[in-house]
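The values are calculated or read from the model by the stated rules, or taken from the named source; none is laboratory data. This structure is a prediction, so every number in the text was calculated from the model and none was measured. All Cβ positions, even for glycine, are placed from backbone atoms using ideal geometry, and neighbour counts span all protein chains on display.
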Amino acid sequence: MTFVEDVLNNRASLDDIDTYRDEWEASEDDGVQYHTFLGLLWPEYAMYVEDDDVLAHVIEARRSGQDLRTYLSSRKDTSPVTAELWRLVERYAREWEAVQR
């Protein structure tokens, strides 16, 4: 299970991400990239590195059956946090396009 799956299934909280980092670093499976280990798409991870508020929105997007880009697009005008995260989506537009191919 990934970090995202565990949060969605109430086996972990957002605060547990450091524990997952430690597990990934200790893992002997060197072929798994950290964002994959967490269950994040590359643009989600890139956004998380810039703003850790993105994790809560990734979880809410997945719970609603949407990808983060679609989720934030429909909420970008509802709060300053979602507006800022939408700016990150726009900054990583090429990465999102690559994921959708």
>> Let me confirm something: among A61, A26, which residue is at pLDDT below 95 and under 20 Å from M1 (Cβ atoms)?
In response: A26
> What is the number of the single condition among (1) under 14 Å from W42 (Cα atoms); (2) crowded, with 17+ Cβ neighbours inside 10 Å that A98 does not meet?
Replying inline: (2)
> Could we say that W42 is in contact (Cβ under 8 Å) with a residue 24 or more places away in the chain and of a type in the set (F, W, Y) here?
Replying inline: yes
> D53: at pLDDT below 95 and touching a Leu at 6+ places or on another chain (Cβ under 9 Å), yes or no?
Replying inline: yes
> Does V89 satisfy being at pLDDT 95 or above and within 14 Å of the chain's Cα centre (by Cα)?
Replying inline: no
